[in-house]
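What follows is a short report on a single structure.
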Amino acid sequence: MLVEGYLFSLNLWYIKDNVPLSFEKYLLLLSSELELVNIIIWIMNKLIIDAAQDKIFFMIISKDNNHNITYENTKINYEKLSILINDFLNSKNLNFGKISKIYVNRGPGSFAGIRNSLSVVKAIRLVNKTDYYSFSFQDFTGENDTNYQNIPNLCEKYGIKKNLINPIYLS
């Protein structure tokens, strides 16, 4: 979007000043804008949500370091999952606008935990247009290092599709 807006402003500059824009200058301006887009993407944070396991787990993966927290796996915490996520983000001076991608565990695990975490992630997607990836640790069988920090890389490696959810509930 930034690139499109920038190209639009280049066209206005061309019209306003009646000066033809050389191809070299056009490429130079475009490349600097693309670098800005890459920097913006780099500083964005990734959020991992796992409410399918024994504990509710959140992790923020950022350029500098990672932050995580766990909560008890209780009915009360499932009901206020969005509040817990918001409080966690606020404690790190973040908000949903600074999250570029969300990774949510789709199971196997607790039905209530999976259902609530998927509902919260879909609501975040609806409001902020944040892409999400729903993973299962079963997707990564054969991998030696399947810790939470590696989830974004593993999702990319195994071609986990964004904005698609197929939950796996325990019976």
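The values are calculated or read from the model by the stated rules, or taken from the named source; none is laboratory data. All figures in this text were calculated on a predicted structure; none of them were measured in a lab. Note that each Cβ is placed from the backbone with ideal geometry, even for glycine, and that neighbours are counted across all protein chains shown.
Summary table
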read-out	value
Of all residues making up segment 120-148, the number that are loosely packed, with under 13 Cβ neighbours inside 10 Å and within 16 Å of ILE56 (Cα to Cα)	1
Condition check for LYS101: of a type in the set (D, E, K, R) and not in a strand (DSSP E or B)	no
Residue within segment 79-95 that is acidic (Asp, Glu), outside any loop (DSSP other than H, G, I, E, B), within 12 Å of PHE57 (Cα to Cα) and out of contact with any Leu (no Cβ under 8 Å at 6 or more places or on another chain) present	no
Qualifying positions in segment 149-171 - exposed (fewer than 10 other Cβ atoms within 10 Å of the Cβ) and either touching a Ser or Thr at 6+ places or on another chain (Cβ under 8 Å) or modelled with pLDDT under 90 (or both)	ASN166, SER171
Residue check, ILE49 without any contact (Cβ under 8 Å) to a residue 60 or more places away in the chain, surrounded by 16 or more Cβ atoms within 10 Å (Cβ to Cβ), part of a strand (DSSP E or B) and under 16 Å from the mean Cα position of the chain (by Cα)	no
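This table checks each residue for (1) touching a residue at least 60 places away in the same chain (Cβ under 8 Å); (2) small (Gly, Ala, Ser); (3) surrounded by fewer than 17 Cβ atoms within 10 Å (Cβ to Cβ); (4) over 21 Å from SER136 (Cβ atoms).
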residue: ASN86; (1), (2), (3), (4): no, no, yes, yes
residue: LEU89; (1), (2), (3), (4): no, no, no, yes
residue: LEU94; (1), (2), (3), (4): no, no, no, yes
residue: GLY97; (1), (2), (3), (4): no, yes, yes, yes
residue: ILE102; (1), (2), (3), (4): no, no, no, no
residue: ASN105; (1), (2), (3), (4): no, no, no, no
residue: ASN116; (1), (2), (3), (4): yes, no, no, no
